[in-house]
Amino acid sequence: MRPYLLKGHERPLTQVKYNREGDLLVSCAKNLQPCLWSSEDGRRIGTYEGHNGAIWTCDITWDSDRLITGSADQTIRIWDLPTGKELFQFRHREPCRAVKLSAGERFLAATTDAFIESPPAIHVYKFAENVEDQTSTPLNTWTVPKGRVTRVFWTDCNRKLITSHDYGMIRRWDVETGQLIEEKQIHEDAIQDMQMSPDETHVITASLDKTARLVDIESFEVLKTYKTGRFVQSAAVSPLFDHVVCGGGQDASQVTTTAAQAGGFEARFFHKIFQEEFGRVRGHFGPINTIAFHPSGRSFTTGGEDGYVRLHHLDLDYFTTKFF
């Protein structure tokens, strides 16, 4: 399996995301321009220019018509995905960390970090079908006690939000009132990433406590734990098999003193049910910061601290070998 190496960023990657059909891939990094790629051959289609800070997050509409990005420059921006034109801008006084469109795309949830005297917060906006009708006034905003919100997801027919936090907590919120419904400590250290399973019944969390965990979204029960022995920066669930892939590695500050193999800079495959590791894919020269499965489950993409995006089309052996 020889990956495509996509070089569009000079600084560490923060998120990679496929569109619904899987033909397009968006990469975000700590430099100023998100990039759009063809997921088939790694061809760069274009960039989105306008942000003045690190791009922490993105989301793509169902029809791949618009792209939403959140940045440390204190803005959330809506782009015309095919042309790269900026359509709208939400301005905050704090860095924006996570964004997520609701089912049906009538609403947009966004989170902001603590900044000076402002605590972390969650904002819910109306997401207009026509950009001319878009407004920057939130429908609801509420503050979050203690700690950065790293990811946000809609659940329960858009009535609730689930958030992950940088001290190992996940929380459930009522969208209409902003009330905290439930919280649970599931990791001993910061949750760096949280991704929804394809059937939307559970999430997988990646943490600096060197584990990834499969969590039921109804009960917040930890169903499975995947131990790597290294920091886990990102994890994803396969839409095709009972497989989980985790990415991470030794802390970035120690990379210059560590060989790539010793640093654990691999994508590591686990069986989702049995929690056993059955494969590793090497290549990055630093920690893997973000990882995503193609919607078909036949390829996956990683983004690293080294500034590279690696697009992997899985070999035939992956589909024919019975690992367990």
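Just to check your reading of the model, which residue among 14, 61, 69, 75 is under 14 Å from residue 95 (Cα atoms), surrounded by 16 or more Cβ atoms within 10 Å (Cβ to Cβ) and either of a type in the set (A, V, I, L, M, F, W, C) or in contact (Cβ under 8 Å) with a residue 40 or more places away in the chain (or both)?
69
Have a look at 103, 109 and point out the one that is part of a strand (DSSP E or B), farther than 14 Å from residue 54 by Cβ and either among the aromatic types (Phe, Trp, Tyr) or under 19 Å from the mean Cα position of the chain (by Cα) (or both).
Only one candidate passes the filter, namely 109.
Looking only at residues that are touching a residue at least 60 places away in the same chain (Cβ under 8 Å) and more than 15 Å from residue 11 (Cβ to Cβ) in the stretch 24-56, which one is surrounded by the fewest Cβ atoms within 10 Å (Cβ to Cβ)?
Selected residue: 42.
For the stretch 78-90, how many residues meet the condition of being open to solvent by 20 Å² or more (accessible area, probe 1.4 Å) and under 23 Å from residue 300 (Cα atoms)?
Number satisfying all stated conditions: 1.
Are any of the residues in the stretch 169-190 assigned to a strand (DSSP E or B), under 14 Å from residue 100 (Cβ atoms) and aliphatic (A, V, I, L, M)?
No, because not a single residue in the stretch 169-190 is assigned to a strand (DSSP E or B), under 14 Å from residue 100 (Cβ atoms) and aliphatic (A, V, I, L, M).
Among the residues of the stretch 172-200 satisfying the criterion of being crowded, with 16+ Cβ neighbours inside 10 Å and either modelled with pLDDT under 95 or over 17 Å from the mean Cα position of the chain (by Cα) (or both), which is nearest to residue 234 (Cα to Cα)?
Residue satisfying both the conditions and the ranking: 187.
Tell me, please, whether a residue that is within 21 Å of residue 116 (Cα to Cα), open to solvent by less than 20 Å² (accessible area, probe 1.4 Å) and among the polar types (S, T, N, Q) can be found in the stretch 155-166.
Among the residues of the stretch 155-166, not one is within 21 Å of residue 116 (Cα to Cα), open to solvent by less than 20 Å² (accessible area, probe 1.4 Å) and among the polar types (S, T, N, Q), which makes the answer no.
Do the conditions hold for residue 116, that is, is it among the hydrophobic types (A, V, I, L, M, F, W, C) and loosely packed, with under 13 Cβ neighbours inside 10 Å?
yes
Look through 131, 124 and report the one residue that is modelled with pLDDT under 95 and in contact with a strand residue (DSSP E or B) (Cβ under 9 Å, 6 or more places away or on another chain).
131
Scan the stretch 119-139 residue by residue and report those that are surrounded by fewer than 16 Cβ atoms within 10 Å (Cβ to Cβ), in contact (Cβ under 8 Å) with a residue 24 or more places away in the chain and among the polar types (S, T, N, Q).
Residue satisfying the conditions is 136 alone.
Among the numbered conditions (1) touching a Ser or Thr at 6+ places or on another chain (Cβ under 8 Å); (2) open to solvent by 10 Å² or more (accessible area, probe 1.4 Å), tell me where residue 274 comes up short.
For residue 274, the exception is condition (1).
Scan the stretch 287-297 and give yes if some residue there is in a strand (DSSP E or B) and more than 14 Å from the chain's Cα centre (by Cα), otherwise no.
For the stretch 287-297, residues in a strand (DSSP E or B) and more than 14 Å from the chain's Cα centre (by Cα): absent.
Looking only at the stretch 1-11, which residues are out of contact with any helix residue (DSSP H, G or I) (no Cβ under 9 Å at 6 or more places or on another chain) and either open to solvent by 50 Å² or more (accessible area, probe 1.4 Å) or outside any loop (DSSP other than H, G, I, E, B) (or both)?
Of everything in the stretch 1-11, those that are out of contact with any helix residue (DSSP H, G or I) (no Cβ under 9 Å at 6 or more places or on another chain) and either open to solvent by 50 Å² or more (accessible area, probe 1.4 Å) or outside any loop (DSSP other than H, G, I, E, B) (or both) turn out to be 2, 4, 5, 6, 7, 10, 11.
The values are calculated or read from the model by the stated rules, or taken from the named source; none is laboratory data. This is a predicted model, so every value here is computed, not measured. Using ideal geometry, Cβ is built from the backbone for each residue, glycine included, and neighbour counts are taken over all protein chains shown. We work out accessible area using only protein heavy atoms, side chains counted, and drop any ligands, DNA or RNA first. Shrake-Rupley method; radii C 1.70, N 1.55, O 1.52, S 1.80 Å.
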